[in-house]
1. Of all residues in the range 361-396, count the ones that are part of a helix (DSSP H, G or I) and of a type in the set (Val, Ile, Thr).
2. Going by what's in this entry, would Val313 be described as open to solvent by less than 10 Å² (accessible area, probe 1.4 Å), over 21 Å from Ala420 (Cα atoms) and part of a strand (DSSP E or B)?
3. Suppose the filter is assigned to a helix (DSSP H, G or I) and open to solvent by less than 30 Å² (accessible area, probe 1.4 Å); does Gln508 pass it?
4. Which residue pairs have Cβ atoms closer than 8 Å, lie 6 or more positions apart in sequence or on different chains, and pair a first residue in the range 252-268 that is more than 25 Å from Val124 (Cα to Cα) with a second residue that is among the hydroxyl-bearing types (Ser, Thr, Tyr) and at pLDDT below 85?
5. So, in the range 462-488, exactly how many residues are open to solvent by 10 Å² or more (accessible area, probe 1.4 Å), within 23 Å of Arg40 (Cβ to Cβ) and not in a strand (DSSP E or B)?
6. Taking the range 316-337 on its own, how many of its residues are surrounded by 15 or more Cβ atoms within 10 Å (Cβ to Cβ) and farther than 30 Å from Asp36 by Cβ?
7. For the range 87-126, name all the residues that are over 19 Å from Ser202 (Cα atoms) and not in a loop (DSSP other than H, G, I, E, B).
8. Does Asp437 satisfy being of a type in the set (D, E, K, R) and open to solvent by 10 Å² or more (accessible area, probe 1.4 Å)?
Amino acid sequence: MPVSESPQSRPSLPPWDEPIAIIGASCRLPSANSPDDLWRILSAGEPIFSPAPNKRWNTNIAPAPADTTMENPADPAQLTNKKKLPRGAFLSDDQLEKFDPEFFHLTEQEVLDMDPHQRLALLVCFESLLNAGTPRPSTSTSSSTTTTTSNPYWDPSTRYVPAARAEVGVFVGVGVGVADAASVALQNPATPTSNFGYLPFSIANRVSHCLGLSGPSVNVDTACSGSLTAVHYACQSILSHESETAIAAGVNVITNPSSYAHIDLLRILSPTYHSPVLTPNVTGYTRGEGAVAFVLKRLSAAKRDGDRILGIVRGSAAGHNGRTGRQMATPSLDGQSRVLRLAHQRAGLAPHAVDYVELHATGTQAGDKRELQTIAAVYGGEEAKPRGGTGVLVGGIKSLYGHSEAASGITSMLKALLIARHGEAPPLVHFTSPRTDVPLPPDEIRICPGKGMTKLPRRDGVVRCGVNSFGAGGTNAHVIVESVPDDEGDIGYADFPYPNAKPYSMIQQRGTYYKTEQVIGWEKTE
């Protein structure tokens, strides 16, 4: 029997003994190699979806139609093979192939054998440490110059983290893309280094090994919520004194198109390049890719060491829905709201103290409806009254960037951090009107408009943002991010000039792999 959807009582938990400082951030996202690049794309409000990456997949799939008009998007009869062609927010070939093996103490053969998840995770984790040691720009809009000579988190002479700083935990959210990569590798000839190149455990372990980090090194796989759950466990590792510093990251690469066929059977993929969320006409999501990393540390330790503080994690929580129905993927009002309230308990903040919530919002009918009900239950009603008639603002990055699956939660957190730093929220692309099946009084809940920026109040001198991430297996995570009054605007991030970087092909480009009948059909579709 499914459990009741009514709220369950549980003892209140004490707040964290202190917040967690975000002292470094980095990313590789479509068209964005830095957090500041991402902010410019979010502010422009233009989707960046692209056709199938044929070079990477070793395929010949024609571009999907720019738009597919359907009288009834839920009618399978209207989903012809052409309308099902893969589309997504894909990383460029250059972002995935360009690498410097020598810089990270690797051989060329190791890099050729490495799953692209490992390459991306290593790059963003290293660059987050480099960013953690970069001084604040002189102005919020100037570009910083990346230097390594005085960076406390990186020794350029050894190309490792200094021994005095090596107790760094690594927590990486991973998911279905890792299984795809392993399946491709197993269909090609083995080499002495290929086992460590495709086995999933190697992602976090590769980061720790190549950077010289001796703290916990853990992959976290809870499907879509993996990376935000990784943030939660990184915070717990710091608060328990297991790690003084921790890197939380998430990475997702669609290494071959076969998984589209399996996901398509769930009828959750959008048949168009549009991925509207929170509207009555949601049709599913468009898949996305990327990698994001944060460097985290106790706030008192960051202040003691003179670290630049980009933002603050006030609280986090993770939990499972329990048995809510026949399918693990069935969203739960009780399960989601319980995790949100637990995060607020640990932050020592009432829900009305939050100004903005970055939603999971994949664009599925059941998922969006349940999440809006959760938001109304936690932030609406009596909880909304202290805001004085200004409802909490909600939005979601997936309407613009697609659903980057295992990396989606930490990508949403990066967006929330940028919103907190800039004091305004970007538009919710494709949003026209709200759903009518979930009442959302504007003095309680407001949805970001489809165009233009929305200013946020700086109550108590700061902006606070909640971040939702809900996994297909039932694991939910929530993180509360807060701005820092004396450090706002752009982060001031500069590209690192890897001295010997050049393109290295991935295994599916050089070898062979089994293509499903659907993939073969796509290649024949004109």
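The values are calculated or read from the model by the stated rules, or taken from the named source; none is laboratory data. All figures in this text were calculated on a predicted structure; none of them were measured in a lab. Cβ: placed from backbone, ideal geometry, glycine included. Neighbour counts: every protein chain shown. Keep in mind that these areas ignore ligands, DNA and RNA; they rest on the heavy atoms of the full protein, side chains included. Shrake-Rupley method; radii C 1.70, N 1.55, O 1.52, S 1.80 Å.
1. Applying the first criterion (part of a helix (DSSP H, G or I)) to the range 361-396 yields 365-379, 381-387.
If we keep only those that are of a type in the set (Val, Ile, Thr) as well, we get 374-375, 378.
Adding up the residues that qualify gives 3.
2. Numbers: open to solvent by less than 10 Å² (accessible area, probe 1.4 Å): yes; over 21 Å from Ala420 (Cα atoms): no; part of a strand (DSSP E or B): yes.
Here the answer is no, as Val313 does not meet what is asked.
3. Working: assigned to a helix (DSSP H, G or I): yes; open to solvent by less than 30 Å² (accessible area, probe 1.4 Å): yes.
It is true that Gln508 is assigned to a helix (DSSP H, G or I) and open to solvent by less than 30 Å² (accessible area, probe 1.4 Å).
4. Once the first residue is more than 25 Å from Val124 (Cα to Cα) and sits in the range 252-268, its partners that are among the hydroxyl-bearing types (Ser, Thr, Tyr) and at pLDDT below 85 give Ser258/Ser183; Ser258/Tyr513; Ser258/Tyr514; Ser258/Thr516; Ala261/Thr516.
5. So the count comes out to 1.
6. So in the range 316-337, the residues surrounded by 15 or more Cβ atoms within 10 Å (Cβ to Cβ) come out as 316-321, 324, 328-337.
Right, trim to farther than 30 Å from Asp36 by Cβ and you get 319-321, 324, 328-337.
Residues meeting the conditions: 14.
7. Initial filter on the range 87-126 (over 19 Å from Ser202 (Cα atoms)): 87-95, 98.
Result: Gly88, Ala89, Asp93, Asp94, Gln95, Lys98.
8. Values: of a type in the set (D, E, K, R): yes; open to solvent by 10 Å² or more (accessible area, probe 1.4 Å): yes.
Yes; evaluated as a whole, the condition is true for this residue.
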